[in-house]
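The values are calculated or read from the model by the stated rules, or taken from the named source; none is laboratory data. Given the structure is predicted, the values throughout are model-derived calculations rather than measurements. Every residue, glycine among them, receives a Cβ derived from its backbone with ideal geometry; neighbour counts consider all protein chains shown. For accessibility, only protein heavy atoms count, side chains too; no ligands or nucleic acids. Shrake-Rupley method; radii C 1.70, N 1.55, O 1.52, S 1.80 Å.
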Amino acid sequence: MPGQPRVVLLKPLITSPLIEVGEYSYYDDPDDPTAFETRNVLYHYGPEKLIIGKFCAIGTGVRFIMNGANHRMDGPSTFPFPTMGGSWSDHFDLLTGLPSRGDTIVGNDVWFGNGATVMPGVRIGHGAIISTGSVVTADVPDYGIVGGNPARLIRTRYDDEDIARLLAIAWWDWPAEHITEHVRTIMSGSIADLEAATPESTHPPRDSS
């Protein structure tokens with residue numbers, strides 16, 4: 001961002017094949033925003049993926065905890081002895097096959113407040129808002145607002161019918177020049193305005209009745 005070295009677009013910085021970030025999604029951090037891949041995606045030993053959509057705004061200190069953070073809980077101790085090496089590594093089979101919650105998937109146009117934490121395998125819907133300091137342990141619906149530890153649904157930004165309309169519009173998939181032309185509508189217009197601005201090639205089907 002011009003004049004704001006603490007804000008970076010993430011897609012050009014990602015090197016891991018297990019992380020995907022869409023166009024225009026950014027991270028804000030006064031220390032080292034370019035280190036997002038190692039400082040903010042934790043315990044990512046694979047094979048689960050972190051997939052973040054387009055136009056996501058990620059506040060300082062947001063962390064994605066991946067499945068590698070899991071420890072055994074079926075015996076007396078949760079300590080991961082084999083990872084320490086030496087003769088303990090002979091028991092590495094005790095750490096393989098730990099349950100996985102799968103990929104962590106973030107939709108498009110999601111806003112993460114400062115210091116939010118996302119646990120493994122969570123799916124966050126399009127247009128969601130994750131409040132500051134939230135610990136997201138369960139899926140978040142499209143256009144849901146969640147907060148707390150564990151994060152709970154506070155409300156949805158629109159009713160079910162309007163959410164369906166917004167998902168059909170999918171403005172984040174419009175060509176960049178069309179988005180530029182309609183920035184004011186995307187940011188402050190009504191859903192009807194947004195529908196009217198949708199390119200014909202991607203326009204949701206109209207009711208012919």
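Can you list which of the GluC sites (Glu not before Pro) found in the range 1-110 are DSSP loop residues with at most 15 other C-beta atoms within 10 Å?
Within the range 1-110, the qualifying GluC sites (Glu not before Pro) (loop, at most 15 other Cβ atoms within 10 Å) are E23.
Starting from the amide H of G53, placed 1.01 Å from N in the peptide plane, find each other amide H under 5 Å away whose residue is 5 or more places distant or on another chain.
G22, V106, G107
Please calculate how many Å² of accessible area the chain carries per residue, with a 1.4 Å probe and no DNA, RNA or ligand atoms counted.
56 Å²
Rounded, prolate or oblate: which one fits the range 77-145, using the alpha carbon gyration tensor with axes a ≥ b ≥ c (rounded when a/c is under 1.5, else prolate when a/b beats b/c, else oblate)?
Numbers: a/c = 4.14, a/b = 2.70, b/c = 1.53.
Prolate, since a/c reaches 1.5 and a/b exceeds b/c.
Got a number for carbon plus sulfur as a percent of the chain's accessible area, 1.4 Å probe?
54 percent
Please give the helix 160-169 orientation as an angle from the longest Cα principal axis of the chain, in degrees from 0 to 90, rounded to the nearest 10.
Approximately 80 degrees, to the nearest 10.
Select one label from (1) 18.9, 63; (2) 19.9, 74; (3) 20.2, 78: the one whose number is Rg and Dmax of the Cα atoms in Å as derived from the coordinates shown.
Matching entry in (1) 18.9, 63; (2) 19.9, 74; (3) 20.2, 78: (2).
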